[in-house]
Each structure stands twice: as C-alpha cells, then as structure tokens.
Amino acid sequence: MLFVRPGRLSDLDALEQMARAARPVLHSLPHDRHALEARIALSEDSFRAEVDFPGEEFYLFVLEDASSGKLLGTSSIVAAAGYAEPFYVFRNDALIHASRELHVNRKIHALTMSHELTGKSRLAGFYLDPSVPGDARAHLLSRARMMYVAANRRRFTSEVFSLLLGVTDEAGTSPFWEAVGRKFFARDFAEVEKISGGRSRTFIAEVMPSYPLYVPLLPEAAQRVLGEPNGKSLLAYDIHLEEGFEPDRFVDIFDAGPVLTAQVDRSACVRSNETRVIREVAEGASEAEMEAAGATTYLVANNRAGEFRCALAELPVARDAQAPLASSVRSLLGAVAGDAVRCVPLHRQPDDETATTDARADLDGETAALRATHTGVRR
Amino acid sequence: MIVVRAVKTTDLDAVVALAQETGPGLTTFKPDREALAARIERSKRTMEGHAAPHEAGYFFVMEDTATNDVAGVCGIETQVGLEQPFYNYRVSTVVHASQELGVWTKMSLLNISHDLTGYAEVCSLFLSPRYRAHGVGGLLSRSRFMFMAQFRDRFPERLCAELRGHFDADGTSPFWRAVGSHFYQIDFNAADYLSAHGRKSFLAELMPRYPVYADLLPEDAQKVIGLTHRDTAPARKMLEAEGLRYQCHVDIFDAGPVLECHINDLRTVRESVVMPVAIGPAGSSDPSRAGTASAGAPRDSTPRSLVSNTLLADFRVGFAPGEPEGGVMRLSADDAAALLVGEGDPVRVLVSSHTKQSQPS
C-alpha cells in the first residue's frame with residue numbers, strides 16, 4: 001500500500017537518486033547532496049512552523065510503499081513562488097488591432113514577461129518512479145499536495161499554480177526555445193535548464209526579452225506549442241484539471257509549457273471535501289460492506305499536527321457512512337477510530353454540486369471542517 | 001537642353017500623362033489628376049511663401065526645352081511629420097548579457113519612431129522609361145540639392161530620403177509578409193497608397209505598439225532590413241555620393257532604408273559655387289546637348305557642369321558642357337536661354353568632377 005507523507009532527512013539517499021533520475025531536472029530538487037539536504041531541512045522546518053501567511057516555506061512530500069518502506073516518488077509545494085525574487089512567466093495578452101476606416105479587426109497575441117505569479121503558492125517537483133504502474137498513484141502523489149493545501153489554508157495563497165512541461169520533439173528540442181530562448185541565450189535548452197535552477201534567477205532579467213513578443217511573428221512551430229503540454233505531462237495535465245486547475249493566460253518562459261492555476265476555494269480538495277470520522281472495520285469485513293454501500297476511491301488525508309498523511313481508500317459514497325477504515329489503512333494514516341479525516345473522491349462524482357457546501361466552512365480550518373462534518377451527518 | 005525646373009500650373013496635363021507611364025507598383029505617383037493638381041498648387045504656395053510649415057513642399061519637372069516634353073518629376077518636402085506623424089522603425093541594438101551564465105547576445109530591435117519629424121525629405125522621383133538611358137537620372141535627383149543650396153534658409157538642418165525596400169522575384173516583400181501583413185490586414189500596395197496619400201490614421205490603430213525583436217523574425221525578413229530594392233540601388237548610390245547615409249531608420253512596410261544627412265554636409269551644398277555667366281561658345285566645342293549624351297555614355301573626357309539659375313519660382317537647372325574658367329561660367333546662348341539667364345547673371349555651378357563619377361550607370 002502506498003501513502004504520501006512529508007519528506008525527512010533520513011530520505012536523503014532516496015531523494016538524491018530521484019533528483020538525479022528526473023528528466024527534465026526538477027528545479028525544487030537540486031542534484032547537489034548538500035543543497036538537497038538543505039531543501040529537506042527547510043521542508044521539515046516548514047511543516048513544523050507556525051505559519052500565518054505564506055513565506056519562504058517549502059513542503060516536500062514523498063510517496064512511500066508501506067510494505068517495503070521504499071520511496072517511489074516525490075512532489076512538493078513552494079509556499080510563495082520566487083519568494084524574495086520575481087518569478088517569471090510569459091503572460092499571453094490579446095491586443096486588438098482594428099481600424100474602422102479599413103474595416104479590419106484582428107486579435108493579436110503578445111507574450112509579456114510577467115511577475116504576476118510571484119508570491120503565489122506553486123505545486124512543483126513532481127517525480128514518480130517510472131516502474132510504478134497505474135494512474136491512481138500519480139493522482140495520489142500529485143493531489144496529496146492539494147489535500148495538504150486544503151487543510152492548511154493559511155500556509156498558502158488563495159490561488160495556486162503549477163507549471164507543466166512544454167512540447168519537445170524526439171530529440172528533446174523545444175520549438176519554442178529554438179524560436180525565442182535560443183536567440184537570447186545562444187545556448188541549448190537542456191543546458192540552460194540545468195544551470196538555471198528555476199524561474200526566479202537574476203539572469204532571467206538580464207537575458208530574457210524586456211519587451212513583449214508578438215505571437216504571429218514567431219515561427220509557426222513555436223506558435224503551435226504555446227501552452228501545450230508535453231506528451232509526458234498529459235497525465236499530470238489531466239490530474240490538474242480533475243483537481244480544478246485551469247489553463248490560464250500564462251505559459252512558461254522557456255518551453256511555453258502550460259501554467260495551470262486554481263482558486264483553492266474552487267478546487268476539488270475543498271469543494272468535494274467530506275470530512276468524515278473514522279470507524280473501525282475488520283480487514284475482510286470492510287470489502288463486503290463497501291460493495292453493499294456502493295464504494296468509490298477516495299483520497300483520505302490525516303492532517304495530524306506534524307505528520308500529514310494521505311492515502312487512497314475505498315469508501316462508501318453515502319456521507320453518513322463515516323469512514324470505515326481497516327487497521328492497515330488507519331496505520332498508514334497514523335489515525336485511530338474517532339479521528340476526523342479529510343475525504344475527497346479521487347474522481348469527480350456525477351452530482352458534484354452537493355459537495356460544495358463545505359467549501360466556505362473550510363476557510364476557518366480544521367475546527368470548522370469538523371463542524372461541517374456534523375452538518376453533513378445531519379443531512 | 002534638358003532642364004529640371006519648378007513646376008507650373010500649366011504642367012498639369014503633362015504631369016498626369018507622365019504618371020500614366022508608371023504602371024502598377026509605384027503608388028506614390030499615380031495619374032490622379034486631383035491629387036497632382038493639389039501637389040502643384042502646394043508647390044506654388046510654398047514658392048510664394050503662403051504655405052504653412054506642415055504643408056510646405058516643392059515639386060519639380062524635368063523638361064526637354066527643345067521639345068517641351070515633360071519626362072520626369074521630383075520633389076522636396078520641407079519638413080515631414082508636422083501634420084501626420086512620420087513613421088519609421090529605428091533599428092536599435094539590445095544586448096542581453098549575464099556574467100553568471102557567461103551569456104552575451106546582441107539583437108536588433110525595431111522601434112516605431114518619429115525621429116525624422118521636421119526633416120526635409122527628397123521624394124517622388126520618377127523618370128520616364130523613355131529617358132532612362134539618357135543619363136539624366138543624376139540631373140533629376142541632384143536638381144533638388146542645387147535648389148537647397150541656393151535657398152538654404154528655406155530648409156531645416158537635416159534631410160532624409162526613403163528608399164524602396166527589397167522585394168522578392170515574385171514582387172512581394174519578405175518583411176511585409178513577416179511583420180506588416182499580420183498587423184495591417186490589407187495588402188502592401190493598399191497600405192502604401194494610403195500612407196503616401198496622407199491617410200495615415202490606420203497606422204496608429206494597426207501598427208505594432210511594442211518594439212519588434214528583429215532576430216526572432218524569419219531569416220528572409222531579417223536579411224532585408226535596410227536593404228534597397230534592386231531598381232533603387234542606383235538611386236541609393238547617387239544619394240550616398242551626395243553624402244546621405246543609412247542611420248538605422250527603415251520603412252515600416254518594406255524595411256527599405258532611410259538615408260539621412262545634414263543639409264550643410266551635402267556635397268552639392270558644400271561644393272557648388274555662384275558665379276556670373278558669360279555667353280558665348282564654351283571652351284568645349286560640344287553642342288548644347290552634350291550633357292544628355294543621347295547616344296551611349298557621355299565621354300569621360302568631356303567636362304561638364306551642373307548649372308542652375310538663382311531664381312525661386314523660375315528655378316532651372318541642367319548640365320552644361322565645360323567648367324568655370326576665371327571665375328565665370330561660359331554658356332552657349334541656347335543653354336543660357338534654357339536656364340533663363342543672360343550675360344552677367346549669377347548662376348550656381350557644381351563642377352563635373354564628382355557629378356560624373358556618381359552618375360548612375
């Protein structure tokens with residue numbers, strides 16, 4: 001059984017391997033062991049810290065196989081993108097070029113270097129061991145972050161975003177980089193990605209265009225990939241959409257990959273949250289009960305102070321069914337019967353509207369969430 | 001004698017007829033009777049001192065005095081951009097460098113500019129194809145510099161000339177395809193015509209408002225920035241011999257170069273000299289039409305001079321055989337008559353040494 005938990009310093013070896021295996025490089029996971037160690041330490045401090053508003057915090061998650069203790073993936077959240085530095089994206093603006101006299105009217109897009117996402121919380125550093133089969137695990141590892149965000153609203157901004165890999169050809173060449181970045185950097189994309197380490201570095205201001213780029217003036221190959229996800233990112237793209245992220249008018253400055261944004265209030269982890277109370281069931285009994293109740297897969301998270309846990313579990317769809325969890329799952333979550341856990345259907349339910357009621361209460365944090373549970377139970 | 005002279009109201013028919021020889025393509029000189037009448041009228045008002053600064057402009061015609069055939073036109077705008085903005089791209093340089101990354105890149109940026117506002121402009125040059133082999137293109141072009149030299153205080157400090165940009169063999173501009181077509185949404189000739197006829201408001205509405213990175217454009221478009229149309233290359237050579245230079249301004253439609261200089265630095269202004277006329281057989285025995293060299297190229301051994309009178313409304317200029325000697329310019333009776341000068345009248349003379357070498361070939 002797999003579960004997601006915060007990364008620890010004792011995970012350093014495994015994380016170092018993942019950082020080196022990840023292609024393309026993960027900006028949030030440096031290859032250098034000391035730098036990586038510092039990142040993990042920052043994450044441990046961040047999870048522990050009392051936080052009233054997002055700042056320098058960095059939250060690192062790992063996907064662990066409970067049976068072997070092996071780490072199979074990692075993901076992270078940057079509390080405030082760029083933090084003390086600007087975070088760069090291209091904003092794709094529409095400009096109207098119209099002349100009444102000539103009876104012409106055209107919308108012309110232009111890409112402007114923008115700092116608009118600076119300081120917003122950013123989902124980052126997603127890496128899943130390619131040997132792990134099935135999409136559910138990718139969902140778990142990716143969406144566990146939003147489960148954490150939903151349960152810890154004060155630590156994050158009300159809008160969060162995620163940058164996905166843009167289109168590259170078989171040789172790993174990005175048509176957008178060839179048309180834009182290369183002209184400014186005179187270097188290969190992979191080379192610059194390796195040394196750049198993110199989208200907040202000083203050299204971006206020095207090297208990238210200070211004026212907007214007119215999209216129609218770019219080569220067609222570059223125009224075509226604008227905001228398009230890489231084939232390798234299609235699953236990630238779908239997971240984000242399922243969570244409630246939407247393509248916005250931002251694209252990555254290097255490969256024009258999509259930047260997806262979500263209002264946390266409208267994300268699945270908030271809107272479809274059903275905070276339920278754990279009820280003990282026997283390991284075998286659970287399955288039979290589930291079948292009878294019409295069960296579905298849920299993301300279940302326990303936000304116990306200091307040790308966030310998230311796993312997948314089959315739960316009855318009926319809300320008053322509480323959370324009948326077998327002991328194996330309870331131990332994954334580090335929870336006991338009577339604890340309230342956050343439960344969100346892994347996939348959108350046909351009648352999703354009913355799930356919205358909890359969203360507002362969620363703003364007040366866990367106590368409010370509990371209150372919402374009772375409302376739910378009464379209904 | 002073939003002379004270039006200030007236009008007269010009575011030239012209208014001849015000018016309209018001449019404009020019919022242009023054929024498609026040249027949009028600045030069309031057989032539009034009304035527009036041409038207005039142009040002639042404007043030149044007249046300018047001569048008389050009745051034109052406001054924003055409309056002041058001169059128009060000249062080339063005429064064979066033997067046949068009264070009008071074979072060419074040219075013009076000067078006194079100060080461009082005072083009514084409607086005078087748009088160009090300024091090709092500027094941007095360097096992106098990062099010591100941290102060891103990156104240093106230099107790019108060209110096209111900025112919409114009004115830098116040339118208030119400059120005089122030499123423009124509207126058209127020579128009938130019937131006369132192109134006659135070596136009179138130089139006379140037509142340089143006549144304006146003789147006029148400026150003679151009436152220097154009628155002009156501002158600087159001068160520019162817009163040259164047609166490069167077009168592919170199929171008659172299209174790679175620069176227009178890469179840039180203008182996306183913004184203006186009409187075809188090149190329509191845009192050029194509107195712009196040339198003072199209907200420029202669409203430019204402000206449609207042109208790119210931000211600078212354009214030239215290095216991001218398709219290569220064929222980059223290559224033609226500041227490049228002259230094949231047919232305009234001789235005109236460019238002549239203007240450059242006169243002292244005009246490309247100073248990183250180009251046309252917003254076809255990226256053809258704009259040549260610029262200080263009027264005081266024009267060779268014709270610096271080197272032409274005013275002196276009295278002596279009528280009589282010139283030192284050379286060549287007949288009066290030597291300057292036009294109707295058959296074949298002029299013989300290099302034959303010295304000749306560009307000679308103008310010093311009159312405003314009756315300004316005339318032409319090539320005459322010979323050179324000034326002893327502080328006077330000797331003209332044949334016919335040439336003197338063609339230039340409307342008599343014995344002892346002052347004429348402005350530019351000796352042939354450099355006029356010959358900068359003749360378009």
Chain B, Gaussian network, Cα under 10 Å: of B:M329, B:M148, B:M107, the residue fluctuating most is B:M107
Here the FRET efficiency for A:K232 versus A:T296, based on Cβ atoms and R0 = 25 Å and rounded to 0.05, is 0.35
Tabulate in residue order the Karplus-calculated ³J(HN,Hα) for the range A:33-49, using 6.51 cos²θ - 1.76 cosθ + 1.60 with θ = phi - 60°, rounded to whole Hz; enter x for Gly and Pro. 4, 5, 5, 5, 4, 5, 5, 5, 4, 4, 5, 4, 4, 5, 4, 6, 5
Let me know the shape class of the range B:1-71, please: from the alpha-carbon gyration tensor, a ≥ b ≥ c as square roots of the eigenvalues, rounded when a/c is under 1.5, otherwise prolate if a/b is greater than b/c, or oblate. oblate
Give me D for the protein assembly as shown in µm² s⁻¹, whole number, from Stokes-Einstein with Rh from the Kirkwood sum over alpha-carbon pairs, 20 °C and 1.002 mPa s. 68 µm²/s
The local net charge around B:E271, scoring Lys/Arg +1 and Asp/Glu -1 for residues other than B:E271 whose Cβ lies under 13 Å from its Cβ, equals +1
Between A:R48 and A:A84, Cβ-based FRET efficiency (R0 35 Å, step 0.05) works out to 0.95
May I have the convex hull volume per residue, in Å³, for the Cα set of the range B:21-167? 177 Å³
At 0.36 nm per residue, minus the direct Cα-Cα distance, what do B:V328 and B:R132 gain on full extension? Give it in nm, one decimal, please. 67.4 nm
Two-decimal Rg/Rh across the range A:1-120, once Rg and the Kirkwood Rh are taken from alpha-carbon atoms: 1.22
Projected-area mean, chain B, by convex hull of Cα positions, square nanometres: 19.9 nm²
Contour minus Cα-Cα span, B:T302 to B:V273, at 0.36 nm per residue, comes to 8.4 nm
Take each of the peptides B:114-121, A:92-99, average the number of other beta-carbon atoms within 10 Å over its residues, and list them starting from the highest. B:114-121, A:92-99
Would you order B:C74, B:C123, A:C310 from fewest to most other beta-carbon atoms within 10 Å of each residue's own beta-carbon? B:C123, B:C74, A:C310
For chain A, the longest principal axis of the Cα atoms and the Cα long axis of helix A:234-243 enclose an angle in degrees, to the nearest 10, of 60 degrees
What FRET efficiency comes out for the pair B:D13/B:H197, r = Cβ-Cβ distance, R0 = 22 Å, nearest 0.05? 0.55
Can you report the principal axis dimensions of the range B:153-260 using only the alpha carbons, biggest first, rounded to whole angstrom? 41, 30, 25
Cα centroid separation - the range B:172-251 against the range B:317-354, whole Å: 40 Å
Span from the the range A:131-148 Cα centroid across to the the range A:161-185 one, whole angstrom: 26 Å
Around A:H31, with a cut-off of 13 angstrom between Cβ atoms, what is the net charge of the other residues, counting Lys and Arg +1 and Asp and Glu -1? +1
When Cβ neighbours within 10 Å are restricted to other protein chains, what is their mean count per residue of peptide B:102-111? 3
Need one number: nm distance between label points at A:H34 and B:L311, each 7 Å from Cα along Cα→Cβ, rounded to one decimal. 9.2 nm
Taking the C-alpha atoms of the range A:100-173, convex hull volume expressed per residue in Å³: 226 Å³
Work through the residues other than A:E16 whose Cβ is under 10 Å from its Cβ and net out their charges, Lys, Arg +1 and Asp, Glu -1. -2
Report the convex hull volume per residue for chain A, counting only C-alpha atoms, in Å³. 158 Å³
Would you mind checking the tilt of helix B:233-242 against the longest principal axis of the Cα atoms of chain B, expressed as 0 to 90 degrees and rounded to 10? 70 degrees
Distance in nm between A:A205 and B:D168 label points, each 7 Å along Cα→Cβ, equals 4.3 nm
Take every Cα-Cα distance within the range B:88-171, group them into 5 Å bins from 0 onward, and report for each bin the whole-number percent of pairs it holds. 3, 10, 12, 13, 14, 13, 11, 8, 6, 4, 3, 2, 0
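Values in this text are rule-based calculations from the coordinates and carry no lab data. Since the structure is predicted, the reported quantities are computational estimates derived from the model, not experimental observations. Note that each Cβ is placed from the backbone with ideal geometry, even for glycine, and that neighbours are counted across all protein chains shown.
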